[in-house]
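Visitor: Take a look at the following structure, please.
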Amino acid sequence: MNPQALDQGKRYLVGVIGNKASLLPFWELFVNQGSGNVLSELGLVAAALTGGPSAEPFGPGMNLPVYPDFQAMLTAHPEINLVLESTGDVELLHSLRRDLPPEIALVERAAAGFFVRLLSTEQMWVACKVDLMHTQTLLKSISDQLSDDIFFLSPQGHVLDVNETACKRLGRTKKDFIGKDFREAFQVLHCPPPERLCDTPVETTVRTGEPSEAVQSEIDDAGRVRYYRIYTYPIFDDERRLVNVVAMRRDITRRTEMEQRLQQSEKLASIGQLSTYIAHEIRNPLFAISGFANSLLRQGNQDQASREKLAIILEESKRLDTILKSIINFSRPTEGRETAMDVNLVAEQSAEIMRQDCEKAGARVRLESAQGLAKAQADPEMIKQCLINLIKNAIEAMPEGGEIIIRTGMTLDRVTVEVTDTGPGIPLEVRDKVFSPFFSTKGKGSGLGLAMIRKIMDDIGGDVTLSSVEGEGASVTLHLPPALAPDAKTEE
């Protein structure tokens, strides 16, 4: 071959010489793998077949000129600068060495086979690479379109890849996750500390080779609880060895809230069924107990110890009666008079009613009323009852005093009233229970305040949400339906 041409990066235009038997393997290699494009990539421009043109082995559609001998081929294609001889015929080789011009390189059968196989391997590698890139693109497109956070992990728990959804949700790039231990990655996602992730669910999948899942919660930047379910799936090779783990993180906050609402509705239904029985079976004996205790106290012939015991009986009877009244009221439908109410006015009235109690407790009340609010469709007295209850809770949450802010506003489709305190906040472990009937963190009362507020909101088609950051206080927001303008035809 011409070293000078190789040094200059010269492109070779190839003419192949052979017969049907010697060229058939070339045809099978190239045509079966890459059709005629492979021949053009080789720079193959013509062929000389010792058996004549009718013996062409390249098949239809190859567009390769065929000549009866190499002299005719070189005459028709003077641009050819390299000849491949595929037969190994001694006489033909002798003729080629003698008659080929010096500027045309000759590659004999053995060397030609080596270079062809080498090129074939390269073409196969390129085809595999293209197929792999297509598969990767398809997988990336699917994973990036999903709304779940998806992590691809090694068996050792290191992040290999992450979808765009997780990156966009957190405002980070893939480089922030790649190579990190899954505990660090999940901690970036605001999940619980690493020690609470042990064996669930990633390590469970690595240890058992089975899919696993777990529910985890977090507090977002607004202090609201969000719930996530993490699914992990093992990926095996052909020999059933674990090679990867796929971890998916799905936001199930809305579904969890609906399940909690359903559970609470079932509790309320049970309370409603029992309330009549409780009122009849307990209040009547209770009246008798308190009546006899009062009668004994009026006689005045008891010693001091007996009078103190009777006073305790009366006091506890009154407390029990109050609880029974709360249960009965809670189980009854809220028969409010829904009108188009001014939220700012109701908030101002509620703050004024509770101002004196706040001052006694050392709490400052601040009212922040938004201007231009739509009116809400609700019973003003019911909403006032809700706000008074929330202000009482805020006072009790700040025994050392603090600040209570009553803030009105509006979202896209709701009028809002928010009551915020600067107390210690609500721990995450009890956040799910505060709206449950009979649950109280204060050790007194019936525990029906927040449950009643949620019931009132549900009855008017509104909602109530809680947000809290421990050490920074808590906020409860009432979301009220706006009063809609009457339809013109209906008004007429």
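Here, each number is a calculation from the coordinates, and none is a lab measurement. Here the structure is a predicted model, which is why all the values come from computation and not from measurement. Glycine also receives a Cβ, built like all others from the backbone with ideal geometry; neighbour counts cover every protein chain displayed.
Visitor: For the pair Ile235/Ala76, report the inter-label distance in nm, with labels modelled 7 Å from Cα in the Cβ direction.
Guide: Those two pseudo-labels are separated by 5.2 nm.
Visitor: Sticking with this one: For the stretch 339-480, what is the per residue volume of the convex hull drawn over the alpha-carbon atoms, in cubic angstrom?
Guide: Values: hull volume 14.8 nm³, N = 142.
Convex hull volume per residue, Cα atoms: 104 Å³.
Visitor: Turning to a different aspect of this structure: Roughly speaking, what is the stretch gain from Glu381 to Cys128, that is 0.36 nm per residue apart minus the C-alpha to C-alpha distance, in nm to one decimal? Write down the numbers at each step before the final one.
Guide: Values: separation 253, 0.36 × 253 = 91.08 nm, distance 7.35 nm.
Taking Glu381 through Cys128 to full extension adds about 83.7 nm, to one decimal.
Visitor: Using 0.36 nm per residue of separation minus the Cα-Cα distance, give me the extension gain between Lys433 and Leu170 in nm, one decimal. Don't skip to the answer; put the middle values down first.
Guide: Numbers: separation 263, 0.36 × 263 = 94.68 nm, distance 2.90 nm.
Answer, rounded to one decimal: 91.8 nm.
Visitor: Follow-up. Work out from phi, with θ = phi - 60° and the Karplus expression 6.51 cos²θ - 1.76 cosθ + 1.60, the ³J(HN,Hα) of each residue of the stretch 81-98, listed in order in whole Hz, and give x for Gly and Pro.
Guide: 10, 8, 10, 9, 9, 9, 8, x, 5, 5, 5, 5, 5, 4, 5, 5, 5, 7
Visitor: With a Förster radius of 45 Å, plug the Cβ-Cβ distance of Glu184 and Glu400 into 1/(1 + (r/R0)^6) and report the FRET value to the nearest 0.05.
Guide: On the way: r = 39 Å, r/R0 = 0.86.
With R0 = 45 Å, the Cβ-Cβ based efficiency is 0.70.
Visitor: Please arrange Asp99, Asp176 by how many other C-beta atoms lie within 10 Å of their C-beta, fewest to most.
Guide: Least crowded to most crowded, the residues run Asp99, Asp176.
Visitor: Give me a comma-separated list of calculated 3J(HN,Hα) values for the stretch 351-360, in order, Karplus coefficients 6.51, -1.76, 1.60 applied at θ = phi - 60°, integers in Hz, x for any Gly or Pro.
Guide: 5, 5, 4, 9, 4, 5, 5, 5, 5, 5
Visitor: Let me ask something else about it. Under 5 Å between amide hydrogens, which residues at least 5 positions from Asn244 or on another chain qualify, with H placed 1.01 Å from N in the peptide plane?
Guide: Ile235
Visitor: Highest mean first, how do 249-259, 339-349 rank when packing is the count of other Cβ atoms within 10 Å averaged over residues? Please report the intermediate quantities before stating the final value.
Guide: On the way: 249-259: 14.6, 339-349: 18.0.
By packing density, highest mean first, the sequence is 339-349, 249-259.
Visitor: Counting other beta carbons within 10 Å of each Cβ, put His134, His158 in order, fewest first.
Guide: Numbers: His134 10, His158 15.
Ascending number of Cβ neighbours within 10 Å: His134, His158.
Visitor: Using Cβ contacts closer than 10 Å as the measure, can you line up Phe114, Phe182 from fewest to most? Could you put the intermediate results ahead of the total?
Guide: Working: Phe114 11, Phe182 23.
The most exposed by this proxy come first: Phe114, Phe182.
Visitor: Taking 7 Å along the Cα-to-C-beta vector as the label spot, tell me the Ala305-Ser154 distance in nanometres, rounded to one decimal.
Guide: It works out to 7.8 nm between the two label points.
Visitor: Gain in length, Thr137 to Lys392, computed as 0.36 nm per residue apart minus the alpha-carbon separation, to one decimal in nm? Write out the running numbers ahead of the final one.
Guide: Details: separation 255, 0.36 × 255 = 91.80 nm, distance 5.82 nm.
Taking Thr137 through Lys392 to full extension adds about 86.0 nm, to one decimal.
Visitor: Report the FRET efficiency, 1/(1 + (r/R0)^6), for Asp144 and Arg255, where r is their Cβ-Cβ distance and R0 is 22 Å, rounded to 0.05.
Guide: Given R0 = 22 Å and the Cβ-Cβ separation, E is 0.40.
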